[in-house]
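Note sheet for the following structure.
The values are calculated or read from the model by the stated rules, or taken from the named source; none is laboratory data. None of these values were measured; they are calculated from a predicted model. Neighbour counts run over all protein chains shown; Cβ positions are idealised from the backbone, glycine included. Remember, those area values only see protein heavy atoms, side chains included, never the ligands or the DNA or RNA. Shrake-Rupley method; radii C 1.70, N 1.55, O 1.52, S 1.80 Å.
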Amino acid sequence: PAPYLQSYESRLANYNNPAARALLECIARKQSNLCVSVDVSTKAKVLEVVDAVGPSVCLIKTHIDIVEDFDADLLDQLEQLSKKHDFLIFEDRKFADIGNTVVLQYSKGVHQIASWSHFTNAHSVPGPGIIAGLASVGLPLGRGLLLLAEMSSEGTLAKGEYTEATVQMARESRGFVVGFIAQQRLGRADEDFLILTPGVQLGSAGDSLGQQYNTPAAVVGKGADVIIVGRGVYGKAGKEAVREEAERYKKEGWAAYEQRMKA
Ligand code: BMP
């Protein structure tokens, strides 16, 4: 069968990148293909949500630039929580500039993303120089890159030839580019890329600003290896409700994976 129809453990053989390997191992160990997107804007709230969902996730996705009271202590505490609960970290930075600029944005500034985030992502629109730039910083640190090949939002231009060209760019940098942010399996049947899919929620079709949702079962059925859920989890009121919701998505995501393996 195609690589993506095999178990997460067996797919380890297809990856040299340390971040991709650590993610596959974590998914298998925790039986979780859930990534929670923690899109909240204070340090206390970030840490509360991460502590609540930590046991249920393989990956925490951040938008670190929305945290009003960001400081280095937040990064220390995030790292402690990642050890306590056993998950990896993905800063959803969506780099989109020339190679020289993204080198600086990835390694310097207030956030120093490369120093703490196992994964980050980039748009392919500038061309391969963006990958070369990010790789020059990230590869020595064992980081992994995801390319935005598709988006979940209504009217996205990331489709068709753009998506295909993005897959081709990934093929040419396989040591660092480990997969895609996408809505479905991409690449040839004999290729193995990690597919991380946002726009996932149970019981909502979308929001008022163009977001479009599918269920965990639907996206895993189309090839998602990791489901990314934001408001569907952190949007619940209270730490206990957030914890319960994360467990619910974890179970849904894993059941869908087991279903896919049977196909
Ligand atoms: P929510 O589940 O609350 O709609 O959040 C989705 C998250 O995934 C947001 O952080 C958003 O930035 C991100 N995202 C997305 O929704 N669609 C994409 O195509 C790519 C993304 O990174």
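Determine, for each peptide in 142-149, 200-207, the mean count of other beta carbons within 10 angstrom over its residues, then list the peptides with the highest first.
Order by mean packing, descending: 142-149, 200-207.
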Check: Percent of accessible area on segment 129-190 owned by carbon and sulfur, 1.4 Å probe?
Finding: 56
Next item on the list: Keeping all protein chains in place, calculate the accessible area per residue for the chain (probe 1.4 angstrom), answer in Å².
Entry: 42
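LYS83 to ALA2: FRET efficiency via 1/(1 + (r/R0)^6), r the Cβ-Cβ distance, R0 45 Å, to the nearest 0.05?
Given R0 = 45 Å and the Cβ-Cβ separation, E is 0.85.
Give me the extension gain from GLU25 to SER41: residue separation times 0.36 nm, minus the current Cα-Cα distance, reported in nm with one decimal.
Working: separation 16, 0.36 × 16 = 5.76 nm, distance 3.03 nm.
Working it through step by step, the gained length comes to 2.7 nm.
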Check: How large is Rg over Rh for segment 156-263, taking Rg from the Cα atoms and Rh as the Kirkwood inverse mean of 1/r across Cα pairs?
Finding: 1.01
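Run lengths n ≥ 4 of DSSP H only: what is the helix-derived mean residue ellipticity at 222 nm for the chain, with -39500 (n - 2.57) per run over all residues, to the nearest 500?
Values: 10 runs with 107 residues, N = 263.
Per the formula, -12000 deg cm²/dmol.
Just subtract the alpha-carbon distance of LYS94 and ASP73 from 0.36 nm times their residue separation and send over the number in nm, one decimal.
Extra length available between LYS94 and ASP73 comes to 5.2 nm.
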Next item on the list: Name the aspartates and glutamates eligible as straight-distance cross-link partners of LYS45: C-alpha to C-alpha under 16 Å, and not fewer than 8 places from it in the same chain.
Entry: ASP65, GLU68, ASP69, ASP71, ASP73, ASP76, GLU79, GLU240
Next item on the list: Report in % the part of the accessible area of segment 1-128 that belongs to carbon and sulfur, leaving out ligands and nucleic acids; probe 1.4 Å.
Entry: 51
Margin query: Output needed for segment 1-97: three equivalent-ellipsoid semi-axes, defined as square roots of 5 times the C-alpha gyration tensor eigenvalues, in descending order, whole Å.
Written below: 27, 15, 11
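One quarter of the convex hull surface, Cα atoms only: what value does that give for the chain in nm²? Intermediate results must be reported in sequence, preceding the final value.
Numbers: hull surface 51.0 nm².
Computed as one quarter of the Cα hull surface, the answer is 12.8 nm².
How fast does segment 31-84 diffuse by Stokes-Einstein, in µm²/s, taking the Kirkwood radius from C-alpha pairs at 20 °C and 1.002 mPa s? The partial results should precede the final answer.
Values: Rh = 11.2 Å.
Rounded, D is 191 µm²/s.
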Notebook entry, point to check: Using a basic spin-label model with each label point 7 Å from the Cα along Cα→Cβ, how many nm lie between GLN259 and LEU139?
Noted result: 4.0
Margin query: On a 29 Å Cα-Cα criterion, which of the cross-link pairs LYS61/LYS236; LYS108/LYS222; LYS83/LYS159 come out too long?
Written below: LYS108/LYS222; LYS83/LYS159
Check: Given H placed on each backbone N at 1.01 Å, which residues far from ALA149 in sequence or on other chains put an amide H within less than 5 Å of it?
Finding: ILE181
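So what is the relative contact order for segment 151-252, in percent, with contacts set as C-alpha pairs under 8 Å and at least six apart?
Relative contact order here is 23 percent.
What FRET efficiency comes out for the pair GLU154/ALA237, r = Cβ-Cβ distance, R0 = 22 Å, nearest 0.05?
On the way: r = 28 Å, r/R0 = 1.27.
Computed FRET efficiency for GLU154 and ALA237 comes out at 0.20.
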Note to self: Restricting to Cα pairs below 8 Å that are 6+ residues apart, what does the relative contact order work out to for segment 1-145? Please round to a whole percent.
What the structure shows: 21
